[in-house]
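The values are calculated or read from the model by the stated rules, or taken from the named source; none is laboratory data. These numbers were taken from a predicted model, which means no experiment stands behind them. Here the Cβ positions follow ideal geometry from the backbone for every residue, glycine too, while neighbour counts run over all protein chains shown. These area figures cover heavy atoms from the full protein model, side chains too; ligands, DNA and RNA do not enter into them. Shrake-Rupley method; radii C 1.70, N 1.55, O 1.52, S 1.80 Å.
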Amino acid sequence: MTEGTNNKILITGGAGFIGSNLCEYFLSKGHEVTCLDNFATGHKHNLANCIDNPKFTLIEGDIRNAADCEKAVKDKDFVFHQAALGSVPRSINDPVTTNDVNVSGFLNMLVASRDAKVKRFIYAASSSTYGDSEGLPKVEAVIGKPLSPYAITKYVNELYAEIFSKTYGIETIGLRYFNVFGRKQDPNGAYAAVIPKFVMQLMQLESPKINGDGNYSRDFTYIDNVIQMNELAMNTTNSAAVNTVYNTAFGDRNTLNDLMRYLKEFLSKYNPEIANVVPEYGPNRAGDIPHSLASINKAKELLGYDPQFSLQDGLQEAVAWYWDNLK
């Protein structure tokens, strides 16, 4: 598992936002990468830079189908499980499908990975697991009660991973993602993440709608920080660093009003009229926590995590990508 080793990697949800960035990155490092995706939320165009690479394999399949999972994990060294139905509102509207994908699908992948004897199962956990815990910053050992069906599913993932590590000996690492953003994040659809949605609206000179008064705050995390964490989780040889979970964040928080201010500033370099767009404010969204801020000390100490992109750094890169790709 040393740097430069040619690993055989499976990335579930590899056509999604985070998954496709991981596919591109690990291919660039010389690894053999297989993507499993059913394209429910992912897009084939996200894989445009991967598809012709001889070290890339695309399997169209569903993690809710055990046979698809078994096929995808065959002969793999590492599994990066990114496939999930995200979004708190989606889970409130349709808890059954969210549970089928995020819990039953997760369990299918764990069983298949155990049976295929993969070296390590690295999975997308979520900051939503902190629930109603009010303390800041969030530390991995202290969580509250979940505030949405989505949060329940992501907490159940952690419980299953821990049991599989203890019972079957498979190494697992969970990465609790905090408000990840960056290139390839989809601005369309009812459950689009806030940053690409705001960017698209501002580019069209439309007033973005902010839930609440804009003073809710988040630990916005640029995609390259997330890629770093996933690679560290794969490469670590520290036995104390596996079979646990890590906050995956920058370790700073900004309000939605801060976010809007930065976006207008950076986008107005491309179109000065964007500086004049005024956001609208609406009610708070059900299931949302007021504030989120991660402690990243555990990841720093056990994995050597060193995030390079603040919100402002990441936004400038993301805005440039969106300007080139959304017009």
Region 110-127 versus region 283-327: alpha-carbon centroid distance in Å
25
Output the antiparallel fraction of DSSP beta bridges having both residues in the chain, as a percent to the nearest 5.
5
Per residue, how much accessible area does region 16-72 have with a 1.4 Å probe, in Å²?
47
Taking amide hydrogens as modeled 1.01 Å from N in the peptide plane, which residues meet the under 5 Å criterion relative to A83, leaving out close sequence neighbours?
T12, G13
Taking a cut-off of 14 Å between Cα atoms, list the aspartates and glutamates near K29, but don't count ones fewer than 8 places away on the same chain.
E3, E231
Relative contact order, percent, of the chain when contacts are C-alpha pairs under 8 Å separated by at least 6 residues?
17
Find the accessible area per residue for region 103-217; the probe is 1.4 Å, ligands and nucleic acids are left out, and the unit is Å².
40
Of all accessible surface on the chain at a 1.4 Å probe, what whole percent is carbon and sulfur?
48
Rounded to the nearest 500, what is the 222 nm mean residue ellipticity of the chain from helices alone, with -39500 (n - 2.57) per DSSP H run of 4+ residues and division by all residues?
-11000 deg cm²/dmol
Where the centroid of each part is defined by its Cα atoms, how far is region 60-94 from region 140-205 in Å?
13
Kirkwood hydrodynamic radius, region 277-323, all distinct C-alpha pairs: what's the number in Å?
14.5
Between N188 and W323, with labels modelled 7 Å along Cα→Cβ, what's the label distance in nm to one decimal, could you check?
2.3
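Output the pairs from K154/K300; K166/K300; K138/K166; K8/K184; K76/K138; K154/K264 with a Cα-Cα distance over 30 Å in this structure; if there are none, say none.
Flagged as over cut-off: K76/K138; K154/K264.
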The chain - Rg (one decimal) and Dmax (whole number), Cα, Å:
19.0, 59
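Could you compute the net charge surrounding N38? Neighbours are other residues with a C-beta less than 11 Å from the C-beta of N38; K and R count +1, D and E count -1.
For residues surrounding N38, the net value is -3.
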Accessible area in the full protein assembly, largest first, 1.4 Å probe, for R285, R261
R261, R285
Excluding residues fewer than 8 positions from K327 in its own chain, the aspartates and glutamates with Cα under 20 Å of it are D186, E206, E265, E273, E317
Arrange the peptides 204-217, 108-121, 56-69 so that the one whose residues have, on average, the most other Cβ atoms within 10 Å appears first.
108-121, 56-69, 204-217
